[in-house]
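The values are calculated or read from the model by the stated rules, or taken from the named source; none is laboratory data. Bear in mind the structure is a predicted one, so any value in this text is a computation, not a measurement. Cβ placement follows ideal geometry from the backbone for every residue including glycine, while neighbour counts extend to all protein chains displayed. To get the accessible areas, we keep the full protein, side chains included, count just its heavy atoms, and leave off ligands, DNA and RNA. Shrake-Rupley method; radii C 1.70, N 1.55, O 1.52, S 1.80 Å.
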Amino acid sequence: MWNRRKKNMMTRLTQIFGIEPTGDHELRNEEIGYFVTYAPKEKTVEIRINTFVNPYTQDVEKVYQERIDRISAFTEVCEDKTILDMVNIQANEPSKLGSMQIVVTIEESWATDDVLTRLKDIIYQLHSEQVPNESLVWFKSEYNDNICYFEGNLWWYPKRAVIMGEEEYERIDFSDEMNYDDEMCYIVEGEYDQMEYYDSFELISSQEFQNIWEKTGKSRNI
């Protein structure tokens, strides 16, 4: 009975969201940025939605509040108002670089085709409003007690960096295999998604980063 219920729910989720399961209990849509997990023991369906805004052109906190309100409002159009008590919506604080994850947990008994379809439609609406995944950001922040400069995308991957070495600044191009320092790049990649939480974090323009990048290449010092 338990296995049949699990199979039926996973089949329904696959049909509604249009993606094949990546495991016994989960579906992933990496392109859109959402994950659907069925927990048979807890009898819940959890949907994690990764969303982004452009921190240069949009008010990050305002946009995210609007998105949370929109997801919360979907329950108001559901036929049975008691679903309000069966849905839990949570979100972390929006990051300075424009990302936030919204988590919607639904009791299995209320995870009807109608409810799940409405949520899927909202997810795709949000995705259509987002900046492209390849959009770059530029910022300076603290790294190993030094102020360093980064160019990267909103999926938390650095493209280029200007990092303080022992005596001088050094450039790192993460696509340049000829000059790829495995140890340094491993450290930077591991720290990149934490840079915005340092007190010294500051968004800069693409031109400011490019000027620093070019100057470093010529003089090996700033």
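Numbers below:
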read-out	value
Two-site label geometry, Q90 and E108: point separation in nm, points 7 Å out along Cα→Cβ	2.0
Long-range amide H partners of E170 with built H, under 5 Å	I163, M164, G165
Residue-level accessible surface for D173, protein heavy atoms, 1.4 Å, Å²	50
Listed residues K41, K140 arranged by accessible area, highest first, probe 1.4 Å	K41, K140
